[in-house]
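See structure below.
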């Protein structure tokens, strides 16, 4: 464990807490893409298959449980909760995310560390996570205005993987046999996808104005 | 597996 990775995990946790706060406090999920939430639930379920077989540390196990439980809770809440579900932007959240699932799975079959069940699903979860934010970014683009909590949620979600890139650089230089190029390349793609969001987020923060994404 | 093993990251 290094400071970059710990900062990344905490930033990721903050993004989840901000999302839960937004939904709980406003009893609304407007501006939140259910498809992105479903993709994230799939990412965690397929990445942590070794949750009960490989014990790495208490921290590792607890964080995995928190990520799985929170992503499933948000999906259930957005689908079932009678008040929250009414505020879901169903007609804006139309990204065909099944293609993302299919593309990630095909790529995982072709490019993986080892052709085993667990490794293929691990690579699948890495590729899918890089693309999972797309429905959310498309929804924000279409809805134009971004409310503060939603903007902060997406910002922290993007920032966490940027910390992980620093973590991989650090581990590359400090651990002789460290080679995790699947996660590195995918993490880079993931962070680049946020680039324009970060730009408009910074502009709105600098001008202390409400965040506007160009239609 | 110990820290630094293959999938020790979240």
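No lab work stands behind these numbers, since they all come straight from the coordinates. Everything numeric here is computed off the predicted structure, so don't read it as measured data. Heads up, the Cβs are rebuilt from the backbone with ideal geometry, glycines too, and the neighbour counts pull from every protein chain shown.
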With eigenvalues of the C-alpha gyration tensor scaled by 5 and rooted, the range A:78-215, Å: 31, 21, 12
How big is the Cα convex hull of the range A:101-146 in projection, averaged over all directions, in nm²? 3.4
Would you please report the Å³ per residue occupied by the convex hull of the alpha carbon atoms in the range A:155-195? 50
Just report the Cα centroid separation between the range A:185-214 and the range A:29-94, whole Å. 23
List A:170, A:199, A:194 from most exposed to least, where exposure is judged by having the fewest other Cβ atoms within 10 Å. A:199, A:170, A:194
Cα gyration tensor, the range A:1-112 - rounded (a/c under 1.5), prolate or oblate: oblate
Restricting to DSSP H runs of at least four residues, report the calculated mean residue ellipticity at 222 nm for chain A, -39500 (n - 2.57) per run over all residues, nearest 500 deg cm²/dmol. -24000 deg cm²/dmol
Counting every Cα pair in the range A:1-40, what percent are over 13 Å apart? 62
Compute the angle between helix A:3-26 and the longest alpha-carbon principal axis of chain A, please, reported from 0 to 90 degrees and rounded to the nearest 10. 30
